Amino acid sequence: MIQDLQYALRLIRKSPGAAIVAVLTVAIGVGANTAIFSVIRAVLLSPLPYTDADRIVALAESWPNLSGPRPISKLNYRDWAEQNTVFELSAAARWWTVTLSSGDEPVYLVGSLVSPSYFDVFGLHAALGRTFAPGDDQPGHADVVVLSHRLWASQFGSDPGVVGRSVRLDGEVCTVIGVMPARTSVDFYAPALFRPLTFDVIPLRSDHELSAVAKLKHGVTIAQARTEMNAIGDRLANAYPESNKGYGVIVRPFPRPVGLDTEASLYLLFAAVGAVLLIGSVNLANLALARGVARARETAIRAALGAGRWRLVRQVMAEHLVIAVGGGLCGVVVGYGVLLIIKAALPTTGLRAAFPPDTTIAMDGPVWLFALTLSVLSGIGFGLAPAIAVTHLSLIEVIKGGGGDVGTAGCGQRGARRILVVLEVALAFVLLTGAGLLIQSFFALTHRIDSGFDSTNVLTARLPIAATRFPSSEALNAYLDRIASRLQSLPGIRDVAFADTLPTQGTPIGRLFQIAGQPAAAYGSRPVAGFKVVSPSYFRALSLGLIEGRVLRDSDRGGAPLVVVINQTMARTYFQGVHPVGERLLMKRVTIDQNDFGPDVGWTIVGVIADEGVSPFGDRAAEPAMYATREQNPTRYQALAVRTTLEPTSVQASIRAAVAAVDRGQALADVATLDQLKIDDVAPDRLRSILLTAFATVAVVLAAMGLYGVIAFAVAQRTRELGIRAALGASPASLLRLVVQQGMAMVALGLGTGLAITLVVTPVLKTFLFGVGSLDPRTMATAAGILAGVALVACYLPAHRAATVDPLIALRTE
């Protein structure tokens, strides 16, 4: 083996250029695979931070008018917990925002209100102190808080004495009772802190705002749990038809803490980099076959002198393994660079977060082992065919063929090389088509987000307000008016607006409604649309396009008739063939003065506006939505949008100072331009498109190199034949056409094979596509055209040499 390695190194030194190309080819394939594997291992394959993962399920409601898992009614959850016999434990949770008064500036945090049993469901224990105990959710006892490890480190300096300390949350004094261990996030948005979820105010059954988890009893399957929970859901629908008719229960395995389409995206990219490595290995196998033919005389003589078949195979494999291992080591460096790009580009906060921010992604020992294993396997893969081929050589045939004649290669090897090229072209076509579809989808999505508003010179921020801060709607609106007046007086400020969510973030709640004059439906079976509360200046500040009627006005205040503006999708969905302006909607009205739903009240539609962005969730589509003024439907959830005449970031400090002048305790969180929000919103789509395009480009280059190598070798093997053709009168153009046709025939076969694979594979991309079909003919035609053009160049270069061959030199060639 040592002799074989020494011999392999001598051969590599004799042709360093070819060796460098081979090493880089392996490095690119192994490096890309290693980078994606590092993310997959950390996000999808690492042990979950909790115990008995196979027994933990997520509970949700199914609604009659919307697909997928939906929030749960508090009263429905209470009945589920009391009536089921399949769960050992269950717990409810609700998303929660809060302002922590700490240091000089208040800090805005996203947390979670949870049942005391929440941590017990997952078997999680505090690193310091304790988690919640029974009774902590009772009125008067819920002023306790558990900190995440991340918040403990960032805001409390990892002080072990924090347990027992008092902190102020939304102005309320709470006691820290525990700190969770690091990397124990069970949700991708990773709550910063936890408080007990209380039921001190009994809501209506139609109030849906919870998520829930449960732990199956030993021996109970998910199918059994679904059967029982469906029965409970049917009983509740019969008992409360007004609120529960058509509603059901969804029981599913508790998902990993990853974002909306993160898992599918990672496996898609892993398949893509696997294809790149396969193309690279095929390319190197082709090169190895060609070099094996060139060294046929030497190999045959070795066999004639007594070298056994295994000895010859081992010698050839040693050379390829040296190249593969060298490529694998370089691949780790390439993988580290790709991993840095991925980590920098993937969002870890907000609705589009890919995974919790405390997830550790590193190139550690197992990743190094993966890279080494992959490189060895690729070396075996591209070296096995030429290694076996050398064992079938005959000394007599080689000497007769002169060691370089086309006959030496044999029909089998020539056919194998052509099949490998066809495979390369086919895989490159699949990757190029997939990249083209994702690029089109990305631009369509970006255009769709841009179409509803003008994001130029708009600065945004969250303005969290404590639930107990203002006793009445009038007091809240007066406070917001003071902030707006202060900001409006600043130089460079054109418009100031408030909303309960910002563009690109959808609508915060859904509202069930009934169109007046249409047949009445049970409350729970009514259609639903997003409901957004804004200040009248919101439409002007964001330059939202008005299609029909008018926008909301300052006169649409508390004592005025209730009015809403609807978006184009709602008009198209529920008012086909009817002008919606002037129509009335019957809906419940919820204000900060009213904790429960009152009776239906009438809201008049006064205008239709363009769709404002798209849903931030998996469907990435515009959804029906309506807008009401903050004066007519006050809410504590507020965000700020300021249109400036200057560069937005230049007024950020003055805006902070103006808000602090009104109230030093008011947090101003997540300050960003609207352009930045748009960038963040499509960050996963952009990264997916960029990476797949990069991998497809590498695949096209490798396929072109493989095609060039096969054609160039074929030309070299046919030098005598081409010289005879030229001597007998064949024109350079006919020789050029002869060689190009040979190459393009392989390309055509590869494109046909790639098209067949594409028809099977690309429907998987439907999850990631927006505004383009998975079998888009234009994209496929473009991909085929690009590949054909690159292939034509790859064929032309050796064909041009063949066309200009000197017949006298060619005839003297042995």
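The values are calculated or read from the model by the stated rules, or taken from the named source; none is laboratory data. Bear in mind that the values here come from a model prediction, so they are computed numbers and not experimental data. Cβ coordinates were reconstructed from backbone atoms using ideal geometry, including for glycine residues, and neighbour counts include every protein chain displayed. The area values use the complete protein model at the heavy-atom level, side chains included, leaving out ligands, DNA and RNA. Shrake-Rupley method; radii C 1.70, N 1.55, O 1.52, S 1.80 Å.
Amide H contacts of ARG494 (H built 1.01 Å from N, in plane; Pro and chain starts excluded): ARG643, THR644, THR645 sit under 5 Å, all sequence-distant by 5 or more or on other chains.
Return the Rg/Rh value of region 460-538, two decimal places, where both radii are evaluated on C-alpha atoms and Rh is the Kirkwood radius.
With Rg and the Kirkwood Rh in hand, the quotient comes to 1.09.
Toward the positive end of the charge dipole of the chain, with +1 on the Cβ of Lys and Arg and -1 on the Cβ of Asp and Glu, the farthest Cα among PRO634, THR34, VAL163 is that of THR34.
Its DSSP H runs of at least 4 residues, each contributing -39,500 (n - 2.57), put the calculated 222 nm mean residue ellipticity of the chain at -16000 deg cm²/dmol, to the nearest 500. The dipole here belongs to the chain: it is taken about the Cα centre, uses +1 on the Cβ of Lys and Arg and -1 on the Cβ of Asp and Glu, and is about 2920 debye. Shape call for region 37-143 from the C-alpha gyration tensor, a ≥ b ≥ c root eigenvalues: rounded (a/c under 1.5), prolate (a/b greater than b/c) or oblate? Because its axes are fairly even, with a/c under 1.5, region 37-143 counts as rounded.
Near LEU646, once Lys and Arg are set to +1 and Asp and Glu to -1 for all other residues with Cβ below 14 Å from its Cβ, the sum equals 0. Taking amide hydrogens as placed 1.01 Å from N in the peptide plane, the amide H of PHE355 sits under 5 Å from those of GLY259, each at least 5 positions away in sequence or on another chain. Applying D = kT/(6 pi eta Rh) to the chain, where Rh is the Kirkwood radius over alpha-carbon pairs, T corresponds to 25 °C and eta to 0.890 mPa s, the Stokes-Einstein value obtained is 79 µm²/s.
Carbon and sulfur atoms: what percent of the 1.4 Å accessible area of the chain do they account for?
On the way: 20920 of 34520 Å².
Within the chain, the accessible surface is 61 percent carbon and sulfur.
Return one number: the angle in degrees, 0 to 90 and rounded to the nearest 10, between the long axis of the Cα atoms of helix 406-451 and the longest principal axis of the Cα atoms of the chain. Approximately 20 degrees, to the nearest ten.
Which of the three applies to region 141-196, rounded, prolate or oblate, going by the alpha-carbon gyration tensor with a ≥ b ≥ c and a/c under 1.5 meaning rounded? Write out the running numbers ahead of the final one.
On the way: a/c = 1.87, a/b = 1.29, b/c = 1.44.
Since a/c reaches 1.5 but b/c is at least a/b, the shape of region 141-196 is classed as oblate.
Taking each residue as 0.36 nm, the span from ALA444 to ASP54 lengthens on full extension beyond its C-alpha to C-alpha distance by 136.5 nm.
In this structure the amide hydrogen of GLY171, modeled in the peptide plane, comes within under 5 Å of the amide hydrogens of SER101, none closer than 5 places in sequence on its chain.
Computed packing ranks the peptides 317-328, 267-278, 466-477, 156-167 as 317-328, 267-278, 466-477, 156-167, most packed first, by mean other Cβ atoms within 10 Å. Helix 652-662 and the longest principal axis of the Cα set of the chain meet at an angle near 20°. Relative to the longest principal axis of the Cα atoms of the chain, the long axis of helix 683-717 lies at roughly 10 degrees. Where does the Debye-calculated log10 I(q)/I(0) of region 503-578 sit at q = 0.22 Å⁻¹, using only Cα point scatterers of equal weight, no solvent? The Cα Debye sum returns log10 ratios of -1.31. Shape class for region 95-238: prolate, because the ratio a/c of the largest to smallest gyration tensor axis (alpha-carbon atoms, square roots of eigenvalues) is 1.5 or more and a/b beats b/c.
The string of couplings for region 325-335 from the Karplus curve (6.51, -1.76, 1.60, θ = phi - 60°) is 5, x, x, x, 5, 5, x, 4, 5, 4, x Hz, one whole number per residue in order, with x for Gly and Pro.
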